[in-house]
2 protein chains.
Amino acid sequence: MSDINLARRSFLKSGAAVAATLMASAAANAGIPAAKVQKWDEEYDVVIIGSGFAGMACALKAGRAGLKVLILEKMPVVGGNSAICGGNVACPVNPVQAAQGIKDSKELFIADCLKDGLGINHTELLATIADRCNDTIKMVVDCGCEFVPNKMLFEAGHSVPRSYEIKAGTGSGYIRPMEAELKKIPTVTIRTRCKMDDFVVDETGAVVGITARTGYRFNAKLVNDDRENKTGKAVTIRAKKGVMLAAGGFSRDIEFRQAQDPRVVPSTDSTNQPGATAGVLIKAMGIGALPIQLCWLQFLPYCNPREKGFGVSVNFTNHACMDYGVVVDRKTGKRFMDEHAGRKIKSDALFQVIGTDENYPIAVCDQAIVDAINPSFVKLPLEMGTVKKFNTLEELADHFKINKAPFLEEVKKFNGYVAAGEDKDFHRILKFNNGLNVSKAPFYGIEVSPKIHHTMGGVLINTKAQVISATTGQPIKGLYAGGEITGGVHGASRLGTVAVIDALTFGMIAGEEFAKMA
Amino acid sequence: MSDINLARRSFLKSGAAVAATLMASAAANAGIPAAKVQKWDEEYDVVIIGSGFAGMACALKAGRAGLKVLILEKMPVVGGNSAICGGNVACPVNPVQAAQGIKDSKELFIADCLKDGLGINHTELLATIADRCNDTIKMVVDCGCEFVPNKMLFEAGHSVPRSYEIKAGTGSGYIRPMEAELKKIPTVTIRTRCKMDDFVVDETGAVVGITARTGYRFNAKLVNDDRENKTGKAVTIRAKKGVMLAAGGFSRDIEFRQAQDPRVVPSTDSTNQPGATAGVLIKAMGIGALPIQLCWLQFLPYCNPREKGFGVSVNFTNHACMDYGVVVDRKTGKRFMDEHAGRKIKSDALFQVIGTDENYPIAVCDQAIVDAINPSFVKLPLEMGTVKKFNTLEELADHFKINKAPFLEEVKKFNGYVAAGEDKDFHRILKFNNGLNVSKAPFYGIEVSPKIHHTMGGVLINTKAQVISATTGQPIKGLYAGGEITGGVHGASRLGTVAVIDALTFGMIAGEEFAKMA
């Protein structure tokens, strides 16, 4: 929280003229009363905030029903994180499973999600995904998305193979064909560099439009782009049937994410695109949307704090140091976790050590370990200089400022554990280690930091993708949401490939709800 | 979420006339614009919502500075959960520790809290508690609170004994003398059966007053009293210096708690008084207060499933059986956890054993242990019949249907661990146990079950107890908070006796902030 006060209330002081004038409502976050909007600059049936999976799926269904649809995307390109994610997609109980004799069920899918989600998932939302996922897959295939034929991926945490592999190798395998399809629908407009500023609500609390800025230029150098960025031209946009929130998560929101999980410091990196901020979520909370499970951020525990985003050293840190070597706390020189535990356990342990003073742990291995892994894993990080090579462990300790004497003792102790086949400190499974230990020069070291991958929490929706109000306990009229801006589907932690089906399915459902109003 | 839609927007439709008229702002949750308040029915410097530890501490400091203070309490009696809680209070680095040679530190206190809090605590708030706790204790002692002299409790999850034992045996040991002290201050008014309805905010977003209802009658039979209850007479109350939120947690809010943690069903019991609902928290979110870590609900692992709510046996189970005795699984006759671990660890372990067939574990101690605790801890539960007394361990096993032979072995083994000073099974700290073990007849036994006790999340505050806005990242002018309605101090799970020092300290700090404005 130390940096939460950094930004100023500059928007209120010097924001775009129209929006500032409209800001006369009681509280800064209360939405704008419809009575204060003297003229709508534009009118649509449906306004969609965000152009990833959820936004595009919603636009497809609403646009094909003949509704006039506007998709806003604040970044210069469409797709958000959806365009850069892995793109494989879970689909419990599907025809490929049937053909291959893989027995799956809605209940098994829900049970798998609950296990990783620590039991706090909203199971009615998972049930909806299971009920509708084959319709979702049909929708994207009809757009031209291509999956590897007759293939079911057996993703971690799932009890059975149930995920389609996207041929393109990334989420762009959906975004490109869906965008092409949307461009064929004459009533659908996609507008990049357009940022939603606030909701316009009528006297009953229903959402009837938004204020936005066209020609907006996102600035990743600002501490808080949502508050500080003043670019663009203010417009008022009416949404006659409603507004769809498809703005994604907040993995790149320095202040908001740290308030929820203070282990995350400003320098904590994320695998996400830079526009993943909490602005739309906060505005939704401002008009009463009930936030749930916001403090669950999912991390990858193999990343390097000096590399940007996913980086180049994840495989080295994971498959050399964590599979075979050790990770130590610089201050104590000692190990502090089972380096082979699951992602959440390791991320938690790493954060404990990192603390607030960025005391990044050091992952260590030796030449014998490097000889045993894929050579590509070490080549690029060595060239980039994030992995360093040393003639002795003493030199390694000096370079990374590791507490030397206890560190050398610790490595000796670990080697003893490997020899004995038992880790007495952290009960790491050593039987697959093939006698590898940390003893043969040269030695390799790299800093480790978890990076934020997905923010689990968000606004509460019902099975119709309607946003629930904390104040009334009822859906907020005219407000829908899908994908990472919502909470509950994944609970505390999500399984791979479930985010894609979540966003596509609830986007589709919101679009269907709008289509009913056509 | 299945029941979240139960309640109607009935307040808007048929609420108290004045409040309904004022509800013309943009959204139902946006606060009431000051410009719409035609007349203040009452004027105070400080309005405090809630009369527990945080509220009373704030009133003391503000009232003694000469400010005109109003404490609102919606229930018919003052004190909320504070009046019925255990009442022992953590105070890291205190004079009794010094006299007894107990080495403690701010850092150790923070580390202990982080361990149970899973690392997501806001450490700057914990540091504030450590810095100010001796002032807090002085404040309550000056009011006439009495602690057991020269005694430091070794509470579960703490690394050293650091908690004062309240002589009264409950939080009423603070509430009564503090209330008496407040009654001596002519500028302080305490008003029960008065419910805060909404905040009044000026055009800058600052809180300048509230709307409330006098003569309100809480109705525990309603699914959602905050929405459905229409009793009382509407008033507008100006707060010239500000409003203090001390309204507690939401352990009894059927809808809100289940939205955050769907494992909690409507019938899940809680130790809390029935008024512990989310109404004030939701209104605070409505004017922009940033909610953090809402999905962490804490269970108290010392409760009895045959007693309703908090019951009468918590102190016995905690301070006799879990501090000194053992807890066993009836089916195996064996211990299954460190009985001195933190609340989350123990609750998780207890739930594992209880399973779906209500296999409530049995907590056991002997006469020597009972002789060493506050006699009041055992008197009432023995009278109520939830604690049972037996001449032999065999009789105890027969009564509770414990697997006898392994149980008798297990007690023997535990006594050996106590003698050796080392618990080889669960690494329980035994060095402060003074050699107590389970060996001297008569013997005592009781069933154990966790109940919802404390909701960890709430609004984000800074170290001055100012509430932080999600919209601006800045303090909301005129809005302060302390105690269970705030989040961050405890992270995911709190240690026993830390809630009391949290609420008293941030209540005191808010009062000091108001006093500076006098």
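Of note:
- Boolean, B:Thr317 is open to solvent by 10 Å² or more (accessible area, probe 1.4 Å) and either more than 10 Å from chain A (Cβ to nearest Cβ) or among the polar types (S, T, N, Q) (or both): no
- Scan of the range A:169-195 for residues that are within 20 Å of the chain's Cα centre (by Cα) and of a type in the set (A, V, I, L, M), ordered by number: A:Ile175
- Any hit, the range B:126-144, residues being farther than 14 Å from B:Leu504 by Cβ and within 14 Å of another protein chain (Cβ to nearest Cβ): yes
Let's see how each residue does on (1) within 14 Å of chain B (Cβ to nearest Cβ); (2) among the aliphatic types (A, V, I, L, M):
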{"position": "A:Val243", "(1), (2)": "yes, yes"}
{"position": "A:Asp269", "(1), (2)": "no, no"}
{"position": "A:Gln273", "(1), (2)": "no, no"}
{"position": "A:Ala276", "(1), (2)": "no, yes"}
{"position": "A:Val312", "(1), (2)": "no, yes"}
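- Residue within the range A:72-86 that is away from chain B (no Cβ under 14 Å) and either farther than 27 Å from A:Gly173 by Cβ or in contact with a Leu (Cβ under 6 Å, 6 or more places away or on another chain) (or both) present: no
- When B:Ser159 is tested against (1) within 14 Å of another protein chain (Cβ to nearest Cβ); (2) polar (S, T, N, Q); (3) touching a residue at least 24 places away in the same chain (Cβ under 8 Å), just one condition goes unmet, and that condition is (1).
- Top-ranked residue of the range B:198-225 - restricted to ones that are open to solvent by 10 Å² or more (accessible area, probe 1.4 Å) and hydroxyl-bearing (Ser, Thr, Tyr), ranked as modelled with the highest pLDDT: B:Thr214
- Candidate set from the range A:334-349 (those that are among the basic types (Lys, Arg) and within 15 Å of A:Lys424 (Cβ to Cβ)); member that is surrounded by the fewest Cβ atoms within 10 Å (Cβ to Cβ): A:Lys334
- Residue check, B:Ile282 within 16 Å of B:Thr455 (Cβ to Cβ) and modelled with pLDDT of 90 or more: yes
- In the range B:245-265, of all residues being away from chain A (no Cβ under 14 Å) and touching a helix residue (DSSP H, G or I) at 6+ places or on another chain (Cβ under 8 Å), the one that is farthest from B:Val47 (Cα to Cα) corresponds to B:Ser251.
- Top-ranked residue in the range A:158-190 [being among the acidic types (Asp, Glu) and not in a loop (DSSP other than H, G, I, E, B); ranked as surrounded by the most Cβ atoms within 10 Å (Cβ to Cβ)]: A:Glu181
- Top-ranked residue in the range B:457-478 [being within 11 Å of chain A (Cβ to nearest Cβ) and not in a loop (DSSP other than H, G, I, E, B); ranked as most open to solvent (accessible area, probe 1.4 Å)]: B:Lys477
- Scan of the range A:483-496 for residues that are surrounded by 24 or more Cβ atoms within 10 Å (Cβ to Cβ), more than 8 Å from chain B (Cβ to nearest Cβ) and touching a strand residue (DSSP E or B) at 6+ places or on another chain (Cβ under 7 Å), ordered by number: A:Glu484, A:Ile485, A:Thr486, A:Gly487
- Any chance B:Lys516 is in contact with a helix residue (DSSP H, G or I) (Cβ under 7 Å, 6 or more places away or on another chain) and either surrounded by fewer than 18 Cβ atoms within 10 Å (Cβ to Cβ) or free of Cβ contacts under 8 Å to residues at least 12 places away in the same chain (or both): no
- Qualifying residue in the range A:93-102 (condition: surrounded by 15 or more Cβ atoms within 10 Å (Cβ to Cβ), of a type outside the set (S, T, N, Q), in contact (Cβ under 8 Å) with a residue 24 or more places away in the chain and in contact with a His (Cβ under 8 Å, 6 or more places away or on another chain)): no
- Taken over the range A:466-485, residues that are touching a helix residue (DSSP H, G or I) at 6+ places or on another chain (Cβ under 9 Å) and touching a residue at least 60 places away in the same chain (Cβ under 8 Å) amount to 13.
- Within the range B:191-241, being more than 12 Å from every other protein chain (Cβ to nearest Cβ), outside any strand (DSSP E or B) and farther than 29 Å from A:Pro33 by Cα holds for B:Thr192, B:Arg193, B:Gly215, B:Tyr216, B:Arg217, B:Phe218, B:Asn219, B:Ala220, B:Lys221, B:Leu222, B:Thr231, B:Gly232.
- Evaluation of B:Ile110 against (1) surrounded by fewer than 24 Cβ atoms within 10 Å (Cβ to Cβ); (2) more than 30 Å from A:Ala349 (Cα to Cα) (one fails), failing number: (2)
- Looking across A:Ala363, A:Ala372, A:Ala405, one residue alone is of a type outside the set (D, E, K, R) and in contact with a Cys (Cβ under 9 Å, 6 or more places away or on another chain). It is A:Ala363.
- Of residues in the range B:242-279 being among the hydrophobic types (A, V, I, L, M, F, W, C), at pLDDT below 95 and assigned to a loop (DSSP other than H, G, I, E, B), the one least open to solvent (accessible area, probe 1.4 Å): B:Val264
- Scanning the range B:278-310 for residues that are at positive phi and more than 14 Å from every other protein chain (Cβ to nearest Cβ) yields one hit, B:Gly309.
- Among (1) crowded, with 24+ Cβ neighbours inside 10 Å; (2) under 20 Å from A:Ile120 (Cβ atoms) - the single one B:Ala239 does not satisfy: (2)
- Every condition in (1) within 14 Å of another protein chain (Cβ to nearest Cβ); (2) within 28 Å of B:Ala492 (Cβ to Cβ) is met by A:Val328 except one, and the failing one is (1).
- Scanning the range B:76-114 for residues that are within 18 Å of B:Phe147 (Cβ to Cβ) and of a type in the set (D, E, K, R) turns up just one, B:Asp104.
The values are calculated or read from the model by the stated rules, or taken from the named source; none is laboratory data. Bear in mind that the values here come from a model prediction, so they are computed numbers and not experimental data. Backbone-built Cβ (ideal geometry, glycine too); neighbour counts: all protein chains shown. To get the accessible areas, we keep the full protein, side chains included, count just its heavy atoms, and leave off ligands, DNA and RNA. Shrake-Rupley method; radii C 1.70, N 1.55, O 1.52, S 1.80 Å.
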